[in-house]
1. Consider Gly202 against the criteria (1) open to solvent by 30 Å² or more (accessible area, probe 1.4 Å); (2) on the phi > 0 side of the Ramachandran plot: it satisfies all of them except one. Which criterion is unmet?
2. Against the definition (under 18 Å from Arg333 (Cα atoms) and in a loop (DSSP other than H, G, I, E, B)), how does Gly224 come out, yes or no?
3. Applying the selection to the stretch 298-348, what residues are touching a Phe, Trp or Tyr at 6+ places or on another chain (Cβ under 8 Å) and either open to solvent by 40 Å² or more (accessible area, probe 1.4 Å) or not in a helix (DSSP H, G or I) (or both)?
4. Determine whether Ala260 is open to solvent by less than 80 Å² (accessible area, probe 1.4 Å), in a loop (DSSP other than H, G, I, E, B) and modelled with pLDDT of 90 or more.
5. State all residues of the stretch 220-242 that are out of contact with any Pro (no Cβ under 7 Å at 6 or more places or on another chain) and open to solvent by 10 Å² or more (accessible area, probe 1.4 Å); if no residue qualifies, say none.
6. For Ala275, only one of the following conditions fails: (1) of a type in the set (Gly, Ala, Ser); (2) touching a Lys or Arg at 6+ places or on another chain (Cβ under 8 Å); (3) open to solvent by less than 50 Å² (accessible area, probe 1.4 Å); (4) assigned to a loop (DSSP other than H, G, I, E, B). What is its number?
7. For the stretch 97-132: of the residues being closer than 17 Å to Leu150 by Cα and surrounded by fewer than 20 Cβ atoms within 10 Å (Cβ to Cβ), which is modelled with the lowest pLDDT?
8. For the stretch 285-295, name all the residues that are at pLDDT 95 or above and not in a strand (DSSP E or B).
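The values are calculated or read from the model by the stated rules, or taken from the named source; none is laboratory data. What you see is a predicted model; the values in this text were computed from it and never measured. When we count neighbours, we look across all protein chains shown, and the Cβ atoms used for this are built from the backbone with ideal geometry, even at glycine. What goes into the accessible areas is simple: the full protein's heavy atoms, side chains included, and nothing from ligands, DNA or RNA. Shrake-Rupley method; radii C 1.70, N 1.55, O 1.52, S 1.80 Å.
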Amino acid sequence: MSFSFVSNDDAATRRAAARCLAALNPGGKPAGQAPLSPWQTIEASARVLETDALAGRAWVVRSRAANGATAMASAWPIWFRRNAARYERPLVCLCRIPTVAGLQGLAAQLRERGVLCNEAAAWREGAIPERHAELPLWLADNLDYVPYDLACADEARAVLEGALKDMYGHGTRRFYYLSAHDLPTRAGTIMDPAMASDAVRGMYLARAIPAGAAIARVRLLAAGTVLHAALRAARLLWRGWRIGAEVWSCPSYTRLAREARQASWRALLHPDEPAEASHLVRCLARGRGPVIAATAYPRRIAEQIGAHVSGPFMAVGGDSMAIAPRDDPLSSRALALAAIKVLQEAGR
């Protein structure tokens, strides 16, 4: 059973969101802080939102599910708290849900929008290997959700804050789904506010081509933990073959593809108006060379952007065949070989 909710005081909801964002941005990260994983970053943010100083300004829900069932009790208290009927508070839900049924059961308890943070390992779990791909593919096809696959702590912070601004500041009604792994990693580069904004929109430049003469150029796009393999692959390509590789982190191939499709439809339906390029097209217009898009999800997730990429394109996923026998198709060596293969096929 699902519920609809209309806030009686949108201004109060916006003020609550602003206070949450202020608490999550206390003035910078401590110097020398050890790298956190995306999941640890979201956990830390949730603890901030749960403190007494923010009582009544945000909902933090924790839920677990297994074998397709949902832990139903955890979200119900949000309906009975003080002021619940007067205004809507920002909602962040931390969960471990491996199936579509589990996610649907949780969403049915919530108020049509919120940030759903799922442990990245959860979607791989389950007794039936063929169902491992079910959740990410369903999310890509469901317009009520904007899915992200986070690579590092900076991305987790940026997307969490961007989601709160979009839903509770601008009034958008949809769920932001954040898949967060628990491996402490550093970003490929220091993320400034412009990069954080780009990350929320779906992609940002994580590594530029090194200075020097390159015999060829490629663009490596990667999401989640695969970003770090792509960064290593770029170094292999430069040191071994003098191939320059831009590396782009793509927290959401799905958001990129949806926006690019919308831009294409607008251009088709309104040919007399100036065409506005999508974020994907604007980012790729800054460089040149074939594009290799990689994800630990099924290859189809990365393939979503292929129709909007000009020039040679290859998608690599967790279900891809490795170029070299017995290789992990998402290893740095395999990604470097994929880049060389695409360059050869393009005659470069």
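1. It fails just one condition, (1).
2. Taking the combined requirement at face value, the residue satisfies it.
3. Answer for the stretch 298-348, where residues must be touching a Phe, Trp or Tyr at 6+ places or on another chain (Cβ under 8 Å) and either open to solvent by 40 Å² or more (accessible area, probe 1.4 Å) or not in a helix (DSSP H, G or I) (or both): Gln304, Ile305, Gly317, Gly318.
4. Criteria not met by Ala260.
5. Across the stretch 220-242, the qualifying residues are Thr225, His228, Leu231, Arg232, Arg235, Leu236, Arg239, Gly240, Trp241, Arg242.
6. Among (1) of a type in the set (Gly, Ala, Ser); (2) touching a Lys or Arg at 6+ places or on another chain (Cβ under 8 Å); (3) open to solvent by less than 50 Å² (accessible area, probe 1.4 Å); (4) assigned to a loop (DSSP other than H, G, I, E, B), the lone unmet condition for Ala275 is (3).
7. Arg124
8. Pro290, Thr295
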